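Have a look at the structure below, then the notes.
The values are calculated or read from the model by the stated rules, or taken from the named source; none is laboratory data. Keep in mind that this is a model prediction, so the values were computed, not measured. No Cβ is skipped: glycine too gets one built from the backbone with ideal geometry, and neighbour counts run over all protein chains shown. SASA here: full protein model, heavy atoms, side chains in, ligands and nucleic acids out. Shrake-Rupley method; radii C 1.70, N 1.55, O 1.52, S 1.80 Å.
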Amino acid sequence: MAPKINLYMTPGSCSLASHIALHESGLDFTITDLKAKTGFPPEHLHLNPKGRVPILDLDGELITETHAILTVISALVPSKNLLGSSAIEHARAHEWLAWLSGTLHGNAFACLFRPKRFIGDEKLYDAVRARGREWVKECFEFIEGKLEGGRVHAVGEAFTVVDGFLLVFYRWGNRTQFGMRENYPNYARLVDGVIKRGAVMKTIEIEGIDALND
Ligand SMILES: N[C@@H](CCC(=O)N[C@@H](CS)C(=O)NCC(=O)O)C(=O)O
């Protein structure tokens with residue numbers, strides 16, 4: 001029997017990666033916008049006590065953390081190779097997902113967007129934000145280097161959920177004026193391919209967001 005799936009999300013947030021993965025999977029699913037853009041609404045904490053989207057309801061099992069959600073979606077449709085098509089590619093995909101969630105999102109962008117998480121003294125927020133900007137830049141430079149040689153996918157030679165997750169941060173880079181296309185041409189080449197995919201175009205349209213936020 002087909003699984004019953006609902007994705008709790010917020011347009012343009014990191015949940016975009018899970019939403020893209022669901023469309024790429026071809027599985028039937030529904031979405032619920034939790035409107036967490038300016039903070040996770042406390043009335044929904046029973047869904048995720050950590051107070052974050054995305055949350056995937058898979059047959060009544062509530063799964064949190066983008067990395068875990070992308071992994072389980074990929075496991076539901078093994079023939080799509082959404083985490084790559086060999087043991088090494090799977091390892092590379094997990095390597096990317098752990099770093100994107102933990103370092104780029106959880107540390108660098110979090111310093112920029114949510115300095116309060118790192119320091120109690122409001123007077124020091126700007127210093128934390130400034131360090132966040134530097135850190136995001138370092139991460140974008142790292143991504144740029146990984147995509148040298150004309151690469152159009154992060155892992156192997158085909159689309160994986162990592163490519164969809166990379167689109168999230170490219171959009172945020174545009175939103176925060178990192179000059180993505182001028183400064184990171186390899187990264188721009190990858191996302192230009194990602195946004196032309198049917199599943200991605202559909203996701204962008206449903207979320208009602210601009211593809212690259214530029
Ligand atoms: N480690 C989590 C982080 C999720 C996360 O930070 N989600 C943001 C949206 S991008 C959120 O829900 N923010 C609400 C808040 O911080 O109150 C993951 O990778 O899924």
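Setting aside same-chain residues fewer than 8 positions from residue 146, which lysines have a Cα under 26 Å from its Cα? Answer for residue 146, where 26 Å is the Cα cut-off: 80, 137, 196, listed by chain and number. Taking the alpha-carbon distance from residue 35 and a cut-off under 21 Å, which lysines remain once sequence neighbours fewer than 8 residues away in the same chain are dropped? Result set, ordered by chain and number: 50, 116, 202.
How large is the helix-only mean residue ellipticity at 222 nm for the chain, computed as the sum of -39500 (n - 2.57) over DSSP H runs with n ≥ 4, divided by its residue count, in deg cm²/dmol to the nearest 500?
Mean residue ellipticity, 222 nm, calculated: -14000 deg cm²/dmol.
Here the calculated FRET efficiency for residue 129 and residue 50, from their Cβ-Cβ distance with R0 = 30 Å, stands at 0.85, rounded to the nearest 0.05.
By accessible area, using a 1.4 Å probe on protein heavy atoms only, the chain has 54% of its surface on carbon and sulfur. Placing a label point 7 Å from the Cα of residue 177 along the Cα-to-Cβ line, the residues of the stretch 96-126 whose backbone N sits under 20 Å from it are 109-115, 125-126.
Measuring r between the beta carbons of residue 59 and residue 202 and using R0 = 25 Å, the FRET efficiency lands at 0.60. Per residue, the stretch 5-80 exposes 44 Å² of solvent-accessible protein surface, assessed with a 1.4 angstrom probe and all protein chains in place. Modelled this way, with points 7 Å down the Cα-to-C-beta line, the labels at residue 30 and residue 43 are 1.8 nm from one another.
Once you reduce the stretch 5-47 and the stretch 60-104 to the center of their Cα atoms, the two points are 16 Å from each other. For the stretch 5-80, give me the percentage of DSSP beta bridges that are antiparallel, rounded to the nearest 5 percent. Roughly 65 percent of the beta bridges in the stretch 5-80 run antiparallel, per DSSP.
Residues considered: 127, 188, 110. Largest GNM mean-square fluctuation over the chain, using C-alpha springs under 10 Å, is found at 127.
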